[in-house]
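One structure is given here, and the rest of the page talks about it.
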Amino acid sequence: MKRAYKLRAYPRRPQEGRAVRLLADHCELYNAALAERREAWRMRNVSVSYGDQSAQLKEIRAADPDGQGRHSFTAQQQTLRRLNTVFVAYFRRVRDAKRSARRVGYPRFKPYQRFDQVLFVAGDGASWEPADGGRWAHASFQAVGRVKVHQHRPMMGRVKTLQLKQEGRRWYVIVVTETESVLLSSTGRSVGVDVGVARFLTTSDGEVVANPRFLDAAQDRIADLQRRKQRARPGSGNRRRLRRSLAKEWRRLGNKRRDFHHKTARRLVATCDTLALEDLRVAAMTKTASGSIEAPGRNVAAKAGLNRSILDAGWTQFTSILAAKAESAGRRVVLVHPGRTSIDCHACGASCDRPRQEIVVCPVHGELDADLNGARNIAARAGLGSGQASAA
Ligand SMILES: [Zn+2]
């Protein structure tokens with residue numbers, strides 16, 4: 001199984017200069033290879049393959065020792081592969097378009113500022129030194145040097161590739177590792193999992209994971225910055241500063257949330273054989289079609305909207321992290337259709353009232369915890385029975 005870690009890199013000034021040049025040289029290679037494919041097609045009606053272009057690399061490098069010749073051969077192959085992927089997708093679109101009589105744009109040249117990353121194969125033109133006892137991690141790239149990297153979380157598996165990437169003024173290293181999938185032993189526990197607004201998640205056998213505290217704090221800071229930004233004069237330095245702080249807050253929140261998702265998912269996967277979840281892609285569609293599945297109530301302040309969007313973004317990410325971890329551990333994940341899971345009674349199927357966000361009232365069974373009821377419905381839909389702990 002592959003994992004990708006995106007880590008902030010801090011090149012020194014001269015390293016940054018060389019990294020910019022690396023991107024420019026690779027961009028040039030990419031565009032030259034694109035031009036070759038284009039000409040060959042136009043002049044001779046011949047299509048040029050990745051193999052053809054890769055075979056020419058040796059000559060190109062020899063002819064340009066101070067330019068292309070300085071760079072990693074395998075990294076250049078990756079750039080040619082990247083172009084090849086673009087062409088494969090293009091030919092697929094052309095095929096599809098023939099059926100629907102649409103026009104398809106030919107792959108375009110990349111301007112320098114849009115060519116923002118180069119992929120290296122680890123151990124061949126690039127290497128990785130993990131963080132060690134509070135010290136910086138380092139990534140070394142041919143023709144750039146050994147760059148400081150902030151490794152904010154532990155990494156698992158063998159490092160396969162290293163990508164050097166520029167985003168605005170920031171630099172990142174994306175480390176892709178590969179781990180053997182470790183099959184976990186059976187636990188006898190199978191649950192439905194409901195993700196919610198008031199709590200992060202509730203399982204059908206009654207486990208509750210609260211929303212992490214940092215969400216509230218971040219939400220307050222973001223709401224405050226947003227308000228101040230709206231008041232600031234357009235085009236002013238103040239507004240620009242606020243926009244930057246806002247972006248920083250979102251980024252920070254994103255990192256913390258991702259770590260939290262990984263931790264929570266790891267624990268669930270370790271303790272359950274089967275996990276049933278709502279298919280949130282379906283939920284998102286239903287929501288846009290009908291406004292909202294669960295009316296947010298009266299609290300329609302800006303903050304509620306913000307809260308909602310923070311949580312929405314989180315659920316999809318959590319589900320995909322959970323599914324990936326489950327798969328690599330040999331656990332089963334069942335996605336069920338999301339409609340009405342919280343509002344129908346799990347015991348008798350009757351339609352409940354929902355006087356408050358956290359409670360539903362069944363005409364037969366009375367007051368039920370809304371999230372727990374939801375989790376039990378999800379378990380039932382996945383064919384796990386009620387998903388409650390079996391009686392000893
Ligand atoms: Zn009932």
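Please compute the length gained on full extension between residue 21 and residue 178, using 0.36 nm multiplied by the number of residues separating them and subtracting their Cα-Cα distance.
Roughly 53.5 nm would be gained on extension.
Loop-only check: which trypsin sites (Lys or Arg not before Pro) in the range 131-176 are DSSP coil with at most 13 other Cβ within 10 angstrom?
Here the sparse-neighbourhood loop sites are 135, 169.
HN-Hα J couplings of the range 6-16 from phi, Karplus 6.51/-1.76/1.60, θ = phi - 60°, integer Hz, Gly and Pro as x?
Whole-Hz 3J(HN,Hα) from phi for the range 6-16: 9, 10, 6, 10, 10, x, 6, 3, x, 5, 4.
List the residues, sorted by chain then number, that are 5 or more residues from residue 147 or on another chain and whose placed amide H is less than 5 Å from its amide H.
When sequence neighbours closer than 5 places are left aside, the close amide H contacts are 139, 140, 141.
Obtain the nm distance between the two label points defined at residue 150 and residue 35 by a simple spin-label model: each point lies 7 Å from its Cα along the Cα-to-C-beta direction.
A separation of 4.0 nm, rounded to one decimal place.
Taking the Cα centre of the range 1-62 as origin, sum charge times position over the Cβ atoms of Lys and Arg (+1) and Asp and Glu (-1), and report the length of that vector in debye to the nearest 20.
Value, rounded to 20: 480 debye.
Counting alpha carbon pairs within less than 8 Å and at least 6 residues apart, what relative contact order, in whole percent, applies to the chain?
The normalised contact order for the chain reaches 16 percent.
Modelled label-to-label distance, residue 43 and residue 243, 7 Å Cα→beta-carbon offset: nm?
A separation of 4.5 nm, rounded to one decimal place.
Would you work out the charge dipole size for the chain about its Cα centre, treating the Cβ of every Lys and Arg as +1 and the Cβ of every Asp and Glu as -1, and quote it to the nearest 20 debye?
2060
Suppose a student asked you for the relative contact order of the range 133-194, using Cα pairs under 8 Å spaced at least 6 residues apart; what percent would you report?
Relative contact order, the range 133-194: 22 percent.
For residue 120, what residues show an amide H to amide H distance below 5 Å, using hydrogens built from the backbone and excluding near sequence neighbours?
162, 163, 164
Quick one: dipole size for the range 213-265, taken about the Cα centre, charges +1 on Lys/Arg Cβ and -1 on Asp/Glu Cβ, in debye to the nearest 20.
In total the dipole reaches around 360 debye.
Which pairs, out of 2/148; 110/229; 2/229; 2/263, put more than 29 Å between their alpha-carbon atoms?
Result: 110/229; 2/229 exceed 29 Å.
Taking the dipole about the Cα centre of the chain, with the C-beta of Lys and Arg at +1 and of Asp and Glu at -1, give me whichever of 122, 366, 234 is farthest to the positive side.
Final value for the positive-end residue is 234.
Only Cα pairs under 8 Å and at least 6 apart count here; give the relative contact order of the range 1-154 as a rounded whole percent.
It comes to 33 percent, rounded to a whole number.
Which whole-Hz ³J(HN,Hα) couplings does the range 190-205 yield from phi under the Karplus relation 6.51 cos²θ - 1.76 cosθ + 1.60, θ = phi - 60°, glycine and proline marked x?
10, 9, x, 10, 10, 9, x, 8, 6, 10, 5, 8, 9, 9, 5, 9
Show me the ranking of peptides 66-75, 91-100 by mean Cβ neighbours inside 10 Å, starting with the highest.
66-75, 91-100
Which of 30, 112, 90 ends up with the largest GNM mean-square fluctuation for the chain, with Cα atoms connected below 10 Å?
Looking only at 30, 112, 90, the biggest GNM fluctuation is shown by 90.
For every helix of n ≥ 4 consecutive DSSP H residues, a contribution of -39,500 (n - 2.57) applies; sum these over the chain, divide by its total residues, and give [θ] at 222 nm rounded to the nearest 500 deg cm²/dmol.
It comes out at -16000 deg cm²/dmol, rounded to the nearest 500.
Determine ³J(HN,Hα), in whole Hz, for all residues of the range 210-225 in sequence, where each value follows from phi through the Karplus function 6.51 cos²θ - 1.76 cosθ + 1.60 and θ = phi - 60°; x replaces Gly and Pro.
Listing the rounded values in order: 6, 5, x, 4, 4, 4, 4, 4, 5, 4, 5, 5, 5, 4, 5, 5 Hz.
What is the sum of charges around residue 63, taking Lys and Arg as +1, Asp and Glu as -1, for the other residues whose C-beta is under 15 Å from the C-beta of residue 63?
Counting the neighbours of residue 63, the net charge comes to -3.
How far is the Cα center of the range 142-213 from the Cα center of the range 215-234, in Å?
Result: 28 Å between the Cα centres.
Values quoted throughout were computed directly from the atomic coordinates according to the rules given, and no laboratory measurement underlies them. A quick note: this is a predicted structure, and the numbers were derived from the prediction, not measured. Because the Cβ atoms are built from the backbone with ideal geometry, glycine has one as well, and the counts that use them run over all protein chains shown.
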